[in-house]
Amino acid sequence: MPEVELPKPDELHEHAATHFSRRVALVTAIYAVVLAIAALGGNHAVKEMLLAQQQSTDQWAFYQAKVIREHLYRAQRMRLEVDLAEHAAAPRAQARERMEALLKKFDDEEKRYNAEKKDIEKDAKKLEALRDSFQAREPYFLVAEALLQIAIVMSSVSILARSGLIFSVSLILAVVGAGLTANGYFVVLHLPFFHGGH
């Protein structure tokens with residue numbers, strides 16, 4: 001009968017530890033990729049939030065300029081109405097016609113600015129809604145990054161400690177971090193404790 005050589009227990013243990021270390025190292029690399037995706041999402045959300053805030057602020061400044069112009073035309077129109085009423089009989093017909101034409105122009109300009117400011121207000125509110133949308137996404141990425149960083153550290157520790165339990169905890173943290181990353185992109189769930197501003 002041929003002789004079968006049995007591996008030594010130390011060799012088996014070393015082979016199992018190497019296999020565990022390789023598997024954990026591969027999973028840790030996947031954690032790092034997901035962390036990079038979360039960081040990109042978070043950076044994009046912050047950038048878009050700041051851009052929308054700036055654009056919204058610009059729109060509100062434009063709105064305010066239209067309001068000021070509208071008030072100026074209203075004041076000029078009212079002043080001209082008073083002048084016409086005070087000098088109803090005095091001005092010549094030609095001067096009166098010019099004053100009435102000017103009065104109509106002031107009235108038209110006031111109406112135009114009023115209409116334009118409403119459109120600007122709508123645009124500003126859309127930009128504010130966009131800003132708020134990105135602001136709501138940012139906390140998901142922020143917490144996901146933290147969980148994934150902790151998962152990477154714990155999986156590294158699990159290699160050193162050769163502990164499947166520590167690795168399991170890192171896996172749970174990574175899965176939660178990946179879920180929060182996906183939620184940051186797609187906003188499937190609205191978690192109330194993630195909102196409320198900075």
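In whole percent, what relative contact order does segment 114-190 give with Cα contacts below 8 Å and a gap of six or more residues?
Details: 53 pairs, mean separation 27.4, N = 77.
After rounding, I find 36 percent.
If you take all C-alpha pairs in segment 82-121, what percent of them are over 14 Å apart? Before the final figure, lay out the partial values.
Details: 449 of 780 pairs.
In whole percent, the long-distance tail amounts to 58.
Give, as a single signed number, the net charge of other residues whose beta carbon lies under 14 Å from the beta carbon of residue 114, with Lys and Arg counted +1 and Asp and Glu -1.
Working: positive: 66, 69, 74, 77, 111, 112, 117, 118, 122; negative: 70, 107, 108, 109, 110, 116, 119, 121.
Around residue 114, the surrounding residues sum to +1.
In percent, how large is the relative contact order of the chain, given Cα pairs closer than 8 Å and 6 or more residues apart? Write out the running numbers ahead of the final one.
On the way: 181 pairs, mean separation 66.2, N = 198.
The value is 33 percent.
Counting heavy atoms of the protein chains only and a 1.4 Å probe, report the per residue accessible area for the chain as a whole number of Å². It would help to have the intermediate numbers written out before the result.
Numbers: 13200 Å² over 198 residues.
With all protein chains present, the chain gives 67 Å² per residue.
From Cα coordinates alone, what are the radius of gyration and Dmax values for segment 85-186 in angstrom?
Looking at segment 85-186, its Cα Rg and Dmax stand at 33.2, 104 Å.
Just the number, please: carbon plus sulfur as a percent of the accessible area of the chain, 1.4 Å probe, no ligands or DNA/RNA counted. If you can, show how the numbers build up before the last one.
Numbers: 8410 of 13200 Å².
Roughly 64 percent of what the probe reaches on the chain is carbon or sulfur.
If you build a Gaussian network model of the chain, linking Cα atoms that sit under 10 Å apart, which residue out of 135, 54, 94 swings the most?
Fluctuation is largest for 94.
Through the Karplus equation 6.51 cos²θ - 1.76 cosθ + 1.60, θ set to phi - 60°, convert the phi angles of segment 157-170 into ³J(HN,Hα) values in whole Hz; use x for Gly and Pro.
5, 5, 5, 5, 8, 6, 10, x, 5, 4, 4, 4, 5, 5
Share of Cα-Cα pairs in the chain beyond 23 Å, in percent?
Numbers: 13117 of 19503 pairs.
Everything past 23 Å amounts to 67 percent.
Based on DSSP H runs of at least 4 residues, each adding -39500 (n - 2.57), what is the mean residue ellipticity at 222 nm of the chain after dividing by all its residues, to the nearest 500 deg cm²/dmol? All intermediate terms of the calculation are to be shown ahead of the outcome.
Values: 3 runs with 170 residues, N = 198.
Theoretical 222 nm ellipticity from helices: -32500 deg cm²/dmol.
Under a 1.4 angstrom probe, counting protein chains only, how are 148, 173 ranked by accessible area, largest first? Write down the numbers at each step before the final one.
Working: 148 0, 173 40 Å².
These residues rank, largest area first, as 173, 148.
If you only keep lysine pairs separated by 8 or more in sequence, or across chains, how many in the chain come under 21 Å at the Cα atoms?
Lysine pairs, 8 or more places apart or on different chains, close enough: 17.
Once phi is turned into ³J(HN,Hα) by the Karplus curve 6.51 cos²θ - 1.76 cosθ + 1.60 with θ = phi - 60°, what whole-Hz value does each residue of segment 56-73 show in order, with x for glycine and proline?
The phi angles translate into 5, 4, 4, 5, 5, 5, 5, 4, 4, 4, 5, 4, 4, 4, 4, 5, 4, 5 Hz.
The values are calculated or read from the model by the stated rules, or taken from the named source; none is laboratory data. Since we're looking at a predicted model, the values are computed, not measured. Cβ sites come from the backbone with ideal geometry, for glycine too, and all protein chains shown count toward neighbours. Accessible surface areas use protein heavy atoms only, side chains included; no ligands, DNA or RNA. Shrake-Rupley method; radii C 1.70, N 1.55, O 1.52, S 1.80 Å.
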